[in-house]
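Working notes for the structure below.
No value in this document is a laboratory result; all are computed from the given coordinates. Computed from a prediction, not measured in an experiment: that's the story for all the values here. Please note: Cβ atoms are built from the backbone with ideal geometry, for glycine as well, and neighbour counts cover all protein chains shown.
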Amino acid sequence: MPFTTIFFDLDDTLYPNSSGVWKLIKERMNLYMHQHLGIDWEEIPTLREQYFHEYGTTLRGLQAHYHMDLDEYLSFVHDIPLHKYLQPDKALQNMLQVLPLRKFIFTNADENHARRVLAALGLENCFQTIVDIKAVDPYCKPMQAAFKIALEIAGEPQPKNCILVDDLATNTRAGREFGFYTILFGQIGEHPDANVSLSHLTDLPDLLQDLKY
Ligand SMILES: [Mg+2]
C-alpha cells in the first residue's frame, strides 16, 4: 500500500489516557461553561454529550448556541501544568523520527495546546504541521469537511494514501469513510469502526510493515 502521509490525533493518542490530562481538560471545559456562560452544573454533562454527537466537539456546540470568545475558551480549557503529567517519550520520538511517512498532527484542540503537549513529550521536531481546530474552522473531526481540509493542508490529493491514528472510534469511522486507512489507538483486537487497533504507538512500524507499505 503506497502510504505517504500519517495524521496523528493529539490528546489521549500521543500520550496515554492514564496520564489524566484529558480528564483535566474536560473539567476545565465544565468550569468554563459554568463560570463564563452561566450554565447550571447539572445541565453540563447532558449538554456536552449532546454537542459531541451533534457538532463533534463541545466547542462547536457552544459556538452554535452562545456568544463566546474562541481564544478565551481555548486558553482557559488548556490551562493545565502539562509538565506535571507528561514526560519526554524517547521511544516515541525515536519511532517517529525513522517512520518514513510525512507526519501531521490532526487535533480538535488548538495549535498552542498541541505545541505545549509536543514540547512536554519531547516531540517538537517530529511533525510537519499541526492541523488544529482553527485550521478546519468551522468544522472539526469527525466531519468529512475537516478531513478534506486536513488533506489539502498535507498536500496529498489521495485519501487512500493517508493513515489516521486516533483514540476515538467516531473519528476513525469518519476517517475510514473519507478513504483513510484508520488505526484506533488504545484498543486491542478488531473494532467495527477502524481498519485496525493498536495499543502501543511504538508498535506502529511493525503494523505498517505487515501492510507492506
Ligand atoms: Mg484524542
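Just a few scattered comments:
- Estimated vicinal HN-Hα couplings, Hz - region 166-172 in sequence order (Karplus 6.51, -1.76, 1.60; Gly, Pro = x): 8, 8, 9, 5, 4, 6, 5
- Only lysines eight or more places from K160 in sequence, or on another chain, were considered; those with a Cα closer than 17 Å are K103, K148, K212.
- Cα-Cα pairs of the chain separated by more than 25 Å (percent): 37
- Amide H contacts of T5: R102, I163, each under 5 Å away and 5 or more positions distant or on a separate chain (H built 1.01 Å from N in the peptide plane; Pro and chain starts excluded).
- Cβ-based exposure ranking for L24, L37, in which fewest neighbours within 10 Å come first: L37, L24
- Ordering of 204-210, 168-174, 147-153 by burial proxy (mean other Cβ atoms within 10 Å per residue, highest first): 168-174, 147-153, 204-210
- Net charge, Y139 excluded, C-beta distance under 15 Å - Lys, Arg +1, Asp, Glu -1: -2
- Rounded if a/c under 1.5, otherwise prolate or oblate - region 158-213, Cα gyration tensor axes: oblate
- The stretch between E27 and Q97, if pulled fully straight at 0.36 nm per residue, gains 21.8 nm over its current Cα-Cα span.
- Exposure proxy shown here: for V136, V131, the number of other Cβ atoms within 10 Å sets the order, fewest to most, as V136, V131.
- Region 65-124 and region 170-213 have Cα centres separated by 21 Å.
- Taking a quarter of the surface of the Cα convex hull of region 21-77 gives a mean projected area of 3.6 nm².
- Derived scalar couplings between HN and Hα for region 111-118 equal 4, 4, 5, 4, 5, 5, 5, 4 Hz in order, rounded to whole Hz, by the Karplus curve 6.51 cos²θ - 1.76 cosθ + 1.60 (θ = phi - 60°), x for Gly and Pro.
- Highest average packing first - 53-64, 184-195, Cβ atoms within 10 Å: 53-64, 184-195
- As a calculated quantity, the FRET efficiency between D79 and E177 at R0 = 30 Å, using C-beta atoms, amounts to about 0.30.
- R0 of 41 Å, Cβ-Cβ distance D210-L70: FRET efficiency to nearest 0.05: 0.45
- Cross-link partners for K23 among the lysines, with Cα-Cα distance under 16 Å and sequence neighbours closer than 8 places in the same chain left out: K84.
- Placing a pseudo-label 7 Å from each Cα along the Cα-to-Cβ vector at E43 and K134 gives an inter-label distance of 2.9 nm.
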